Amino acid sequence: MTPAHVVPPLLLVASNVFMTLAWYGHLKFPYRALWLVILVSWSIALLEYCLAVPANRLGHRVYSAAELKTMQEVITLAIFAGFSVTYLKEPITLNHAVGFAFIAAGAFFIFRGPL
């Protein structure tokens, strides 16, 4: 593994932490004005973009666009699952786990290469 293979996934992990917080963090504050929630969420999302765009730009040197998108989706689900359990206090059910497993199976085929 070279830095060109490692840096993009690390940037995608960091970007997804910010995006998950931007999209779902406000759910613990339902009494806040919607305009304020949108403003704060967009501010957080700007940080996400500052990491995701370079991740994809650098990553496309060694990964296909489909591989980058697949990585992003798997990372998003993993971060969301942890966020859901720890921050939102919502359990991951068997249905969620099965659905995530199907997505992981799809990722396997994306990275396996042409058949």
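The values are calculated or read from the model by the stated rules, or taken from the named source; none is laboratory data. For clarity, every value in this text was computed on a predicted model and none was experimentally measured. Methodologically, a virtual Cβ is constructed for each residue, glycine included, from the backbone with ideal geometry; neighbour enumeration extends over all protein chains shown.
Restricting attention to the range 28-45, the residues being within 18 Å of ILE79 (Cα to Cα), at pLDDT 95 or above and surrounded by fewer than 16 Cβ atoms within 10 Å (Cβ to Cβ) number 0. Of all residue pairs spaced 6 or more apart or on separate chains, those with beta-carbon atoms under 9 Å, a first member in the range 53-74 that is among the aliphatic types (A, V, I, L, M) and a second member that is surrounded by fewer than 16 Cβ atoms within 10 Å (Cβ to Cβ) and part of a loop (DSSP other than H, G, I, E, B) are VAL62/THR2; LEU68/HIS60. Of the residues making up the range 55-85, those that are closer than 21 Å to PHE111 by Cα and either of a type outside the set (Val, Ile, Thr) or surrounded by fewer than 17 Cβ atoms within 10 Å (Cβ to Cβ) (or both) number 20. Taking helices (runs of 4 or more DSSP H) as the structural unit, those lying wholly within the range 6-115 and holding at least 3 residues that are aromatic (Phe, Trp, Tyr) and out of contact with any helix residue (DSSP H, G or I) (no Cβ under 7 Å at 6 or more places or on another chain) correspond to 34-59, 94-112.
Only one entry in LEU88, LEU51 is within 16 Å of the chain's Cα centre (by Cα), surrounded by 13 or more Cβ atoms within 10 Å (Cβ to Cβ) and not hydroxyl-bearing (Ser, Thr, Tyr), namely LEU51. Total residues in the range 75-115 satisfying the condition of being free of Cβ contacts under 8 Å to residues at least 12 places away in the same chain and more than 15 Å from MET19 (Cβ to Cβ): the figure is 21. When PHE83, PHE100 are checked against the criterion of being at pLDDT below 95 and aromatic (Phe, Trp, Tyr), a single residue qualifies: PHE100.
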